[in-house]
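Just so it is clear, none of the values below were taken in a lab; they were calculated from the coordinates. Please read all numbers here as calculations on a predicted model, not as lab measurements. Reconstructed Cβ throughout: ideal geometry from the backbone, glycine too, with neighbour counts over all protein chains shown.
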Amino acid sequence: MKIVDAAVFVTCPGRNFVTLKITTDEGVTGLGDATLNGREQAVVTYLREHVVPLLIGTDPHRIEDTWQPLYRGAYWRRGPVTMAAIAAVDVALWDIKAKVANLPLYQLLGGASRDRVRTYGHANGRDIPELLDSVRARQAEGYQASRVQTGVPGLEKVYGVHTGEVIAANATRLDQRALPVVEDWDTPAYLRHLPTVLEAVRNEFGPELPLLHDAHHRLTPLQAAKLGKDIERYELFWLEDCTPAENQQAFRVVRQHTTTPLAVGEVFNTVFDYQTLVSAQLIDYVRSAVTHFGGVSPLRKLFDFADQHQIKSGIHGPEDISPVGMAAAIHLDLAVHNFGIQEYSGHTDATNEVFRHAYTFTDGHLHPGEAPGIGVEYDEELGAAHPYVPAYLPVNRLADGTVHDW
Ligand code: EZ4
Ligand code: CO
């Protein structure tokens, strides 16, 4: 079997998604997600100009032997654009291999290690009463775990909180002017506020509801250590991205001071980003998405590395991972032993029409379905009816105008 075509599609059924479709001479096709939120066209060009010509004529069954030259042969290793492009190829080839085998992908990854994949949803509110309503709404949708985010008194726009027309949690503004939304930030105000939020949520929903929170890289290691201690009694499932992790050593400070479980890695793109964090057991969950980590092949290797250190998976699953990337994640979640939890925000109806998928969401749990491959079909005609819209992620500024991590 040979690859005869590799096409890149961009569609915007409410937000931008980039999809690679590989076709073989036997007519088998495979899909991969290459969506890099806010930098979509960089990956489109990378794929079309630099990757597609290397694929034509090659054997789609040689997944590892395709991955390695894309990674090593580029010489310029790593980085989110490269790794999103490679991820799309890797997933499309797994999709093809599983279709040829007439099996759902999870069967090729060792088969199911569990019956279904537990998820957490996003609850958010401008204030505490709105957040409590949002947790109830997630529960009504079936979610059995929730990530809780609120506004901070005195701040106008904060990550993770829907404010009027701008869906800050979705992090893009589908607007032709397309300049970044500016959000505001005040760390001391946040550190004072968050314990009161968690207190209110625990009072309302009791001790059993698994709760998560995303600090989105905004704290120093010392601030993160203090926050972790301050909220220990609320027993978070995890505290996510408490401090930027480019300096992996920074997590030693956090780890030494708190038993709050830590999750890191949605912005990482190779195992090297995790080397110290995992080998020194400084975190509890690895957060990378199939889409941004080079695909199913390397993410599986990361999970095996993490497993040696009692660290579990917590795959990133925001709205900006397409149903193709989500499907690949769910197959992996079902198969790996050290699965932790899957983030799942769902997609709009318009998105689900462009990407028809076999995976299902019931009682807060996902299942990849039994369709051969990853179980997603891309409707090219419908996709083309939703053309690309330029959009940026927001930028954070302090009261005096200084840029802060978003
Ligand atoms: O801000 O995917 O845990 N989830 C997140 C996401 C990210 C977006 C950025 O594109 O932090 O909401
Ligand atoms: Co996050």
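Just a few scattered comments:
- Förster radius 41 Å - calculated FRET efficiency between GLU232 and HIS337, Cβ distance, rounded to 0.05: 0.90
- Cβ-placed point charges (K, R +1; D, E -1), dipole of the range 3-104 about Cα centre in debye, nearest 20: 360
- Packing around the peptides 260-270, 230-240, taken as the average count of other Cβ atoms within 10 Å per residue, puts them in this order, highest first: 260-270, 230-240.
- Between LEU103 and LEU222, residue separation times 0.36 nm minus the direct Cα-Cα distance comes to 38.0 nm.
- At R0 = 51 Å, FRET efficiency that the Cβ-Cβ distance of ALA137 and ARG62 yields, to 0.05: 0.65
- Span from the the range 347-395 Cα centroid across to the the range 247-291 one, whole angstrom: 29
- The chain: angle of helix 63-72 to the longest principal axis, Cα-based, in degrees nearest 10: 70
- Simple spin-label estimate for ASP400 and ARG202 gives 3.5 nm between the two label positions (7 Å along the Cα-to-Cβ direction from each Cα).
- Helix-only [θ]222 nm of the chain, DSSP H runs n ≥ 4, -39500 (n - 2.57) each, per residue, nearest 500: -10000 deg cm²/dmol
- The long axis of helix 323-335 is offset from the longest Cα principal axis of the chain by roughly 80 degrees.
- Among GLN68, GLY14, TRP94 - extreme Cα towards positive end, dipole of the range 3-104, charges at beta-carbon: GLY14
- Shape category assigned to the range 3-104 from the gyration tensor of Cα positions, a/c cut at 1.5: oblate
- Estimated FRET transfer efficiency (THR360, ASP307; beta-carbon r; R0 30 Å; 0.05): 0.65
- Size of charge dipole - the range 108-371 - debye, nearest 20, with Cβ of Lys, Arg +1 and Asp, Glu -1, no other charges: 580
- Difference of contour (0.36 nm per residue) and Cα-Cα distance, ARG114 to TYR392: 96.3 nm
- Total formal charge among the other residues, if their Cβ is under 9 angstrom from that of GLY160, Lys/Arg +1 and Asp/Glu -1: 0
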